[in-house]
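One structure is given here, and the rest of the page talks about it.
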Amino acid sequence: MGMLPERKDIPPWVEGSEDLKDPEVLQVQTQPLEALLGSAGSQILYSKRVSKVTLELKVLEPLDFTEVVIYGCYLCKRRAGWVLRSVAQWHRQRQE
């Protein structure tokens, strides 16, 4: 998978090492993700705080997708993943 985030990067709402194990990994189209997280990621911190998760984003250039790694407690990870997938699905349906 990759290395766990360093301790200084872990926000206070992510509790202990258990929340850092088994992250949820999604690949979401970049455009709807930008709509949700703001231009240049201006709403990332707000989204992390409200969702009580920490996010790692990695743009996959040729595919116009972004890999999102979500760390947090089980329910918070699932909820944040559901929100991201729902926004992406809504965006796809709207384009059709």
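Just so it is clear, none of the values below were taken in a lab; they were calculated from the coordinates. Worth saying up front: this structure is predicted, and the values here are computed from it rather than measured. A quick note on method: Cβ atoms are made from the backbone with ideal geometry, for glycine too, and the neighbour counts reach across all protein chains shown.
Build a GNM of the chain with springs between Cα atoms under 10 Å apart, and of K58, K48, K77 the one that fluctuates most is K58. Quick check on the chain: take the gyration tensor over C-alpha atoms, sort the square-rooted eigenvalues as a ≥ b ≥ c, and tell me if it's rounded (a/c under 1.5), prolate or oblate. Taking the square roots of the gyration eigenvalues as a ≥ b ≥ c, the chain is prolate. Our helix-only sum for the chain, with -39,500 (n - 2.57) per DSSP H run of n ≥ 4 divided by its residues, gives a mean residue ellipticity at 222 nm of -12500 deg cm²/dmol. For the residues P32, P12, P62, a GNM of the chain with alpha-carbon springs under 10 Å puts the largest fluctuation on P62. With an 8 Å Cα cut-off and a minimum separation of 6 or more residues, compute the relative contact order for the chain in percent. The normalised contact order for the chain reaches 34 percent.
Return the loop-located chymotrypsin sites (Phe, Trp or Tyr not before Pro) in segment 1-95 (DSSP other than H, G, I, E, B) with at most 13 other Cβ atoms within 10 Å of their own Cβ; answer none if there are none.
Working: sites: W13, Y46, F65, Y71, Y74, W82, W90; in loops: W13.
For chymotrypsin sites (Phe, Trp or Tyr not before Pro) across segment 1-95 that sit outside H, G, I, E and B with at most 13 neighbouring Cβ atoms in 10 Å, the list is empty.
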